[in-house]
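Structure record follows, encoded as structure tokens.
The values are calculated or read from the model by the stated rules, or taken from the named source; none is laboratory data. Note that the coordinates shown come from a computational prediction; the quantities given were computed from them, not determined experimentally. Every residue, glycine among them, receives a Cβ derived from its backbone with ideal geometry; neighbour counts consider all protein chains shown.
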Amino acid sequence: MEIGRAEHLLPESVADIVAVIGLEATADLVAAIGGCRFKFGRGVRDTPRLRLLFSVIGEAKTYDLLRVYGGEELYLPRCDKALRALRNEQFKAEYLDLTEKQGLSGVMAISRLCPRYKISDRTAYTILRSKTEPVTQQRTLF
């Protein structure tokens, strides 16, 4: 899922990290260590934490991150709200494709999609009933 489409739903701390290393690298970082406190070293010694950052976001982005957060311990949120909004939007789009374009019944579409999205049919019906706006927000002109 492309977390950039839900950038406006990201917690402030994650938005600050986006400003330092970019959205793609931040999404990779959240996928790797989201939901945990992480002590950012200063990058002086080769440590398992430093190697983890190198493997997830690369050396250049790691040092960019350490210039700002080196020596600090931060909680990196999992960004559940943004990821859930993207999942729900994608679920609705696939449901509509299956029912309106491919002619499947609603029950059959739910039976096919729920296992793939790892959600219950009750959750699926709640998603379909919700009047959510698309995750991507268009800015106003004035």
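Scan the range 33-44 for residues that are surrounded by 15 or more Cβ atoms within 10 Å (Cβ to Cβ) and either closer than 14 Å to LEU83 by Cβ or without any contact (Cβ under 8 Å) to a residue 12 or more places away in the chain (or both) and the total you get is 1.
Specify which of the listed residues (VAL44, VAL56) is assigned by TED's automatic domain parsing to the domain that holds LEU10 and closer than 12 Å to LEU76 by Cβ. Reasoning before the result, please.
Details: VAL44 fails: closer than 12 Å to LEU76 by Cβ.
Criteria check complete, one pass: VAL56.
In the range 56-79, of all residues being basic (Lys, Arg) and within 21 Å of the chain's Cα centre (by Cα), the one that is nearest to ALA25 (Cα to Cα) corresponds to LYS61. Restricted to helices (runs of 4 or more DSSP H) entirely inside the range 32-142, those with at least 1 residues that are in contact with an Asp or Glu (Cβ under 6 Å, 6 or more places away or on another chain), under 26 Å from ALA6 (Cα atoms) and of a type outside the set (Gly, Ala, Ser) are 48-57, 106-117. Hey, does the range 10-27 have a residue that's buried (at least 18 other Cβ atoms within 10 Å of the Cβ) and outside any helix (DSSP H, G or I)? Checking the range 10-27: at least one residue is buried (at least 18 other Cβ atoms within 10 Å of the Cβ) and outside any helix (DSSP H, G or I).
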